[in-house]
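What follows is a short report on a single structure.
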Ligand code: GDP
Ligand code: MG
C-alpha cells in the first residue's frame, strides 16, 4: 500500500503531534508519483507493507484577513494531487473561522476526505457525536476518526482505514 496524503487543520489542533507519532526513521523508497508532487514532504510513515507520504499544503496554515486567490489555488492544486486528505480538528474547540476557511476549500475537491477529531482525551465521549456532526453536516467524509495524537487512541484504526483506500 502506498499513497500521498495531505494533513490539514488550523493551528494547534495537533497535526505536528500526530506526524511525530507516525513518522519513523526508515529510509523510504519513493514511487515515481513523488515527482509529480511539488509539495513539501512532512514525513513518511512506513511499515513492512505500506508507505504513506504526508505532504504539506502551502498557504493553508496562515489565517487570512482577505481572500488570497493565489494561495487558495495552490492548496486546491495540492488537494487534487494527493490520494487522501486528513482534516484535523480539535474535540475541545468550537468550529471557528480557521476551520471554515479550510472547509470551504475542501468542499471544492473530489479527493477523499477523512475527519480526524483529535484531543478526545479532553472531552467526555458523550459529546463526540455532536462535535462530529458540526463537520459531517457540511462535508462528506470517507472516514471519521476520533483520536488522541498524544495518547495514541484510535491512531492505528485511522491508519488501517486510510490504507484500505490507498
Ligand atoms: P499543530 O499546530 O496542528 O501542528 O498542533 P501541535 O501538534 O503543535 O499541537 C498543539 C498543542 O496541542 C500541543 O501543546 C500538543 O501537545 C497538544 N495536543 C496535540 N494532540 C493532543 C491530544 O490528542 N490531546 C491533548 N490533550 N493535547 C494534544
Ligand atoms: Mg504544527
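Has segment 50-62 got at least one residue that is within 13 Å of ligand 2 (Cβ to nearest atom), in contact with a helix residue (DSSP H, G or I) (Cβ under 7 Å, 6 or more places away or on another chain), in a loop (DSSP other than H, G, I, E, B) and at pLDDT below 85? Within segment 50-62, one or more residues are within 13 Å of ligand 2 (Cβ to nearest atom), in contact with a helix residue (DSSP H, G or I) (Cβ under 7 Å, 6 or more places away or on another chain), in a loop (DSSP other than H, G, I, E, B) and at pLDDT below 85.
When the residues of segment 36-49 are filtered to those that are at pLDDT below 85 and under 20 Å from residue 14 (Cα atoms), the one that is nearest to ligand 2 (Cβ to nearest atom) is 42.
The set of residues in segment 63-113 being assigned to a loop (DSSP other than H, G, I, E, B) and either at pLDDT below 90 or more than 21 Å from residue 147 (Cβ to Cβ) (or both) consists of 63, 64, 65, 66, 67, 68, 107, 108, 109, 110. Taking first residues from segment 11-32 that are more than 11 Å from residue 46 (Cβ to Cβ) and partners that are within 9 Å of ligand 1 (Cβ to nearest atom) and modelled with pLDDT under 90, the Cβ contacts under 8 Å between residues at least 6 apart in sequence or on separate chains come to 11/61. Of the listed requirements (1) surrounded by 14 or more Cβ atoms within 10 Å (Cβ to Cβ); (2) over 30 Å from residue 71 (Cβ atoms); (3) touching a helix residue (DSSP H, G or I) at 6+ places or on another chain (Cβ under 6 Å), residue 147 misses just one: (2).
Of the residues making up segment 95-137, just one is within 16 Å of ligand 2 (Cβ to nearest atom), closer than 12 Å to residue 8 by Cα and either loosely packed, with under 11 Cβ neighbours inside 10 Å or over 14 Å from the mean Cα position of the chain (by Cα) (or both), namely 98.
Looking across segment 1-22 at every residue that is in a loop (DSSP other than H, G, I, E, B), surrounded by 20 or more Cβ atoms within 10 Å (Cβ to Cβ) and in contact with a helix residue (DSSP H, G or I) (Cβ under 8 Å, 6 or more places away or on another chain), the one that is modelled with the lowest pLDDT is identified as 10.
The values are calculated or read from the model by the stated rules, or taken from the named source; none is laboratory data. Given the structure is predicted, the values throughout are model-derived calculations rather than measurements. No Cβ is skipped: glycine too gets one built from the backbone with ideal geometry, and neighbour counts run over all protein chains shown.
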